[in-house]
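Here the structure comes first, spelled out in C-alpha cells, and everything after it is commentary.
The values are calculated or read from the model by the stated rules, or taken from the named source; none is laboratory data. If you're wondering where the values come from, they're calculated on a predicted model, not measured in any experiment. Quick reminder, even Gly has a Cβ in these numbers, built from the backbone with ideal geometry, and neighbours come from all protein chains shown. The protein model used for the area step is the full one, side chains on, heavy atoms only, and it has no ligands, DNA or RNA in it. Shrake-Rupley method; radii C 1.70, N 1.55, O 1.52, S 1.80 Å.
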Amino acid sequence: MPHLRSTPIVRHLARLPRGCRRGLPLLTALMGGAVGCAPRGVARDGAAGAERLGAGAPADPAIPARVAPRFPEGWRLPAGARATFAPRVMAVSNSPEASAAAVEIMRAGGNAVDAAVALGFALAVTWPEAGNIGGGGYAVVRLADGRTAALDYREVAPAGASRNMYLDANGKLTDKSVVGHLASGVPGAVAGLAALLERHGTLSLAQVLQPAIRLARDGFVVDTALAGSIARARALVNRFHPSTPYFPSGVPLEAGERLVQPDLARTLEAIAARGADGFYRGWVADSLVAEMTRGSGIITRQDLAGYTPVWRTPIRTRFRGYGLVAMPPSSSGGVTMAEALNILAQDAALPPYGSAGWFHLLGSTYQRAFIDRNAKLGDPAFVAVPLAQLTSPAYAARLRATIDPARATPTRTLEPQMAAAAREPEHTTHYSVVDAAGNAVAITTTLNNSWGSGVWVRGAGFMLNDEMDDFAAQPGMPNMFGLVQGEQNAIQPGKRMLSAMSPTIVLDSLGRVLLVAGAAGGPTIITGTSQVILNVLEHRMSLADAMRAPRIHHQALPDSLTYEDGGVRPAVLDSLARMGHGMRRLRSLVNVNAIMRVPGGWEGMPEPRRSGGAVGY
C-alpha cells in the first residue's frame, strides 16, 4: 500500500469538513478514487481532488454546451460549483460510507446492480432515518444493452388492515398511522433488493452484503449530520424502547462516537446466508412479529412469508428529444412527472429560468398534474389507472390550454374541469449508481417519516416504517403532508399505498444514459426531481448548478406555490402574488441525489441542502 499521506484520496479528504472524514475503513474502500461530501446545508466540490484515472470512460454526452445560470443575489447556494468527477463509475447517496460500499463492490468486479444492492443494505446501517430493511422502495434500471426494468418493492397493508383502522370512535383521524406499531406496512426492502440482484446482478447476495455487515458489526464514526438526525429522533424512538444502539441508556450518540449495531449485523448475516427467507422466515421474522405483539401491531408471520415484489413495465416518455425511464404505479412519480413534462413540452420555448413567467407556468403545471395524481392513481392491482390518458401528449395539450398566462387558477375550479374524482415526508432517501459498462440504477427507498414509526425491532436491530399513512386513511382529508387523496388510495388488505417516489433515468438523444436522479421529500420528490431534470435539459445547466438552483413546489392542495427562502427575487414574488398565487416560503425543498454523464466520465452530486457522498473512480 502506498504511503497514505501521498495518495490523491487522502489529499482530497483532508480538504473535507470534519464531519465527512471517516477514517481508515473508508480510505481503504476509496483508495485511488474520488470522493465528494456535502454536510448539512453546505455543498462540497469533489472535482478538484479527483484524479481522472483509468480507462473505459463513457462516451461524451449528446447534449448542447452548458450555460451558466443567474440565481438571485444572496441565494445561499451560488452557481458555479463543481460536482465530483470520476471517469468510470459513480455512486451517490445520503451516506458517504454507503456510496463507498457501492464502489467497493464495483472494484471487486460487480456491476451497477450489484453495487446498488450493496449500497441499499449499507444505508440501513449508516443512514437509519431512511435507509432501511424495515421499509420498501422502487428501482429503475437501464442496462448497457438497452434493456430497462422497474421493480416495485413497496410495502403492503397487512391482512388485518381495514379501511377505518385509524379513526377514533368519533370518526376523527388519529396519529396511529404515523407513530407506533400499527403504522407499519409489511416491509418489502429485503425481498426487493434480493430480487433485483437475482435478475440483473452478477455477484451473490452474501458477497454484496459484506460491506453492510462489516459496518454494522465493526461500527463507524458518527458525523454531525447523523448525530443531528439521532438527536431529533430521541423522543420518538425512546418512546418505544429505552435503549438502542443510537441511544445507549436513552442518550443520543454524539458526533465522533462510534455506532456499532450487533443485532443488525446478525440480521444481515442471516439474509446473506438464507437470502430473503433469512428475513421473512425464521428468527428475524419471529423477532418482528414479537415486536408487533408487544405494541398491538398487526403484521403476522403469514404477512411476511407472503410478501412478493412486483416487476413492472417502466414509464417511457420523451421531452425535447431526450428519453425518460421512470417508475409506474404504485408509485405516482413517473406518471406525474411525465404528465408535467408533456404539458411544458407544448411550448416551443419556455420562459427564462427564475422569471415570474417560469415559476407561474411551472407551478400551474404541477398543480394540474397533482390533481390527477391525487385522484386517479393507486395500486394497479386494486384500481384502474388511466396510464394512457395521463401520459398522453394530447391530454397534456388540453391541460396546457387551461393555464392562463397572467392569472393563477384556483384548484377548486380546476378539479371539475379535469373530471377529478372526489398522501410521504422528507425522510425518504434516493441513490444513483452507474458503472463502467454503462449500466445505471436509480433507487428510492423509505421508512416514510424520519425514523419511520419509531419502532426498533428488538433482537433484529432495525427500524420499522410508518407507510400506512401513505394510504388515504380518511379519503378526502389531508394526510401528514397536506395531500388530499381519494378512494383510489383507500386502505385495503394486501394493497400497496400510493407513493411519490420518482427514481428516474434520462437518456440523451443517442439513447445513452445521461442523468440518473431521484429524491426524498414526500410530494416534493416529484417536483424536485423534475426540476433538476428540467434545469439540465431545458436550461442547459451543469449538474452542480441544476442541483443548487432554487426550487418551487405546487401539489394542488393546499393551493399555494411553495418556494425556497431567498430563491425567488422580490420583484418576481410580487408579480406571482399579483397573478393570484398564494405564496409559501420554506427554508429548503427536497433532497435530490444525482449522476450525470459529462465529457470523459461521470459527475455525481449529493444534495447540497443536506448531507451525503459522491464516490467513484
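Laid out as a table, the results:
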| quantity | calculated |
| --- | --- |
| Whole-Å distance, taken between Cα centres, linking the range 118-197 and the range 292-319 | 6 |
| Dipole magnitude of the range 92-176, debye to nearest 20 (Cβ charges: Lys/Arg +1, Asp/Glu -1, about Cα centre) | 260 |
| Three-way shape call for the range 493-604 based on the alpha-carbon gyration tensor, with the a/c threshold at 1.5 | oblate |
| Within the accessible area of the chain (1.4 Å probe), percent carbon and sulfur | 53 |
| Shape call, the range 115-246: gyration tensor on alpha carbons, a/c limit 1.5 | oblate |
| Three-way shape label, the range 277-367, alpha-carbon gyration tensor, a/c 1.5 | prolate |
| Cβ crowding within 10 Å averaged over residues, with 254-260, 443-449 ranked highest first | 443-449, 254-260 |
| Of (1) 33, 31, 22; (2) 51, 27, 23; (3) 57, 38, 22, the label for semi-axes √(5λ) of the Cα gyration tensor in Å derived from the coordinates | (1) |
| Helical contribution to [θ] at 222 nm, DSSP H n ≥ 4, -39,500 (n - 2.57), averaged over the chain, rounded to 500 | -9000 deg cm²/dmol |
| Solvent exposure of the chain as accessible area per residue, Å², 1.4 Å probe | 32 |
| Size of electric dipole in the chain: Cβ of Lys, Arg +1 and of Asp, Glu -1, about Cα centre, debye, nearest 20 | 880 |
| Accessible surface ranking that places the most exposed of Lys495, Lys376 first, with a 1.4 angstrom probe | Lys376, Lys495 |
| Candidate residues Asp303, Asp263: accessible-area rank, largest first, probe 1.4 Å | Asp263, Asp303 |
| Simple Cβ-charge dipole of the range 511-617, Lys/Arg +1 and Asp/Glu -1, about Cα centre, in debye nearest 20 | 60 |
